[in-house]
Amino acid sequence: MKKIVTLVLFAFLVGSVSAQTLYESVRIANRDLTGSARFVGMGGAMGALGGDISTMGVNPAGIGIYRSNDFMGTISYSMNETKSKYDGQSFTADKNRFTFDNIGAVFSTKIGNQTTLRYVNFGINYQRTKSFYKNMSMGGLTRSLEVSQVTQMVNQANDGWDAALYEGRDIPDLGEEYPPRSAYENGYVGWLSAHGFNGLLMGEDENGYYSRILDAPDMLFDSQERGGIDRYDFNVSFNFNDRFYLGLTFGAYDVNYKKSVIYDEDYGNGEGYNLASWNNIEGAGFDVKLGMIIRPFEFSPFRLGLAVHTPRFFNLSQYTTSDLQFDMVNDNDQLISGGINTWDERGGYDARRDFKLQTPWMFNVSMGYTFGTELAIGAEYEYEDYSSMKLKYRGGWSGTMPETDAIKNMVRGVSTFRIGAEYKVVPEFALRLGYNYSTAAFYGDSWKPLPYNSVNTDTDFANTKGVSNYTLGFGYRGQIFYADLAYKYNNYKEDFYAFEHVDLAATKVTNNNHQISLTLGMRF
């Protein structure tokens, strides 16, 4: 924890109240396999093949393949299942829902056959690039006398005590008054530690340091995540001699992420506490994508695609609030019940922090090959260095936020591999198959830093492992109307921790997500 004191020292000196944004930043930077049913059915491996509206978000040159106008939309039905196992206990949480995944249009303009420039095409597309909808539950006996969320409360309080002492400031009092409003507005006090002290979960010794009162609990965790990221793409692309395609896409993003957590510790004999935390991140961002497709051999259908995406630049706001309900026996063997609401302690408003997030550059290399008019095969490799993400101040401060150091140390580069195929049984009907795999962003020993002055009280985090997507699809093409159907099975595992403690064993989590997508469109 002393390392975290150093990381957030500058944040305190400029008067900020720190909030945790490491794991939230990775969630926002991450992408799902979404788009048209044809694109999904081929595993997203269409960067070099082009000719689908969703390619403008991967390789903008793919829109240059079009030779007619296109208008289409996609709806999906998702079935999400999360299974957890800890201490021999298993939990399953489900979430099913309909989504509207994309709608867009391409306008193709033929320049002529006598000039080098054959077509100039324009495209516009809405696409949901990320869904945050997920329910998760776990529970069990922590078994060790030292393993409890209260230990993290104690550590946070003592780190604030040390930081104040180091700076020659007054030692923070977590319970200066009741309601303890001044404690929740003190730059050396984290809300989690203030909850622990005012909820009678930890005590203070003669030197002013804090320690736990009770032993190992039976814990229960439940969370809900909601919202998503919507992207609006605007594309222009060029076809030169039907051999070289160049495209540019400007993307605008809308972010809405909501998370609610309920964590419960039961000590028996009627003692225990329940901590509810709510976080909401919202804002907007943009990026620019540049791509090209080359057909290097005049009489060969082989295509090579290259694309680069600038970082996505987000302006975001995080809102945080929490509630603690407790039942504790005092020194007189009296059971005391009470509650602490941060919206009451702070005079009726949530904590808010405005910040900027800069995601990594993204590089994409793709290949495509067609065998006559019956078979098309695509393959791609994509790379993003998540450790290069940056968090920056908004609202008058300049410079990179201290949490960027945690990002550099706990996340790494992510490689994504995609492969897909489409086979036309007859000219009107096609079958599709695809697979893609993304490596893990987090190191296995990554953890969620909670600085001594953090307003966040949700201590949980999960280190996601590699993510696999298996897809298949079916398509019909008429002279004008077309319809595509795709199925996607998304699977990944996580090591989950309800709070940070060196002796806390990981909860093993398996996520199984199924999605059916339907695209209807017209080409004319």
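The values are calculated or read from the model by the stated rules, or taken from the named source; none is laboratory data. This is a predicted model, so every value here is computed, not measured. No Cβ is skipped: glycine too gets one built from the backbone with ideal geometry, and neighbour counts run over all protein chains shown. All accessible areas refer to the heavy atoms of the entire protein, side chains included, with ligands and DNA or RNA removed. Shrake-Rupley method; radii C 1.70, N 1.55, O 1.52, S 1.80 Å.
What the table below lists for this structure:
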read-out	value
Any pair with Cβ under 6 angstrom, 6 or more apart, that starts in region 166-185 at a residue that is closer than 15 Å to Gly196 by Cα and ends at one that is at pLDDT 75 or above and of a type outside the set (A, V, I, L, M)	Pro172/Gly160; Pro172/Asn186; Pro172/Tyr188; Leu174/Phe197; Gly175/Phe197; Gly175/Asn198; Pro180/Asn198
Matching residues, region 61-81, being more than 24 Å from the chain's Cα centre (by Cα) and of a type outside the set (Ser, Thr, Tyr)	Ala61, Gly62, Ile63, Gly64, Ile65, Arg67, Asn69, Asp70, Phe71, Met72, Gly73
Residues of region 298-332 classified as surrounded by fewer than 17 Cβ atoms within 10 Å (Cβ to Cβ), under 21 Å from Val150 (Cβ atoms) and β-branched (Val, Ile, Thr), total	1
Unmet requirement for Asn155, which otherwise passes all of (1) within 18 Å of Asn456 (Cα to Cα); (2) open to solvent by less than 10 Å² (accessible area, probe 1.4 Å); (3) out of contact with any helix residue (DSSP H, G or I) (no Cβ under 6 Å at 6 or more places or on another chain)	(2)
Condition check for Ser446: open to solvent by less than 20 Å² (accessible area, probe 1.4 Å), part of a loop (DSSP other than H, G, I, E, B) and polar (S, T, N, Q)	yes
Top-ranked residue in region 107-133 [being open to solvent by less than 50 Å² (accessible area, probe 1.4 Å) and of a type in the set (Val, Ile, Thr); ranked as farthest from Arg67 (Cα to Cα)]	Thr129
Members of region 355-375 found to be touching a helix residue (DSSP H, G or I) at 6+ places or on another chain (Cβ under 6 Å) and either open to solvent by 70 Å² or more (accessible area, probe 1.4 Å) or part of a strand (DSSP E or B) (or both), listed by number	Leu357
Selected residue [in a strand (DSSP E or B), open to solvent by less than 50 Å² (accessible area, probe 1.4 Å) and within 30 Å of Ala48 (Cα to Cα)] from Ala440, Ala430	Ala430
Hey, Thr151 part of a loop (DSSP other than H, G, I, E, B) and modelled with pLDDT of 85 or more or not	no
Failed condition for Tyr166, given (1) closer than 20 Å to Thr459 by Cβ; (2) more than 29 Å from the chain's Cα centre (by Cα); (3) open to solvent by 10 Å² or more (accessible area, probe 1.4 Å)	(1)
Residues satisfying the stated conditions in region 71-126, i.e. in contact (Cβ under 8 Å) with a residue 24 or more places away in the chain and outside any strand (DSSP E or B)	Asp87, Gly88, Thr116
Single unsatisfied condition, Leu335 versus (1) surrounded by 13 or more Cβ atoms within 10 Å (Cβ to Cβ); (2) at pLDDT below 95; (3) not charged (D, E, K, R)	(1)
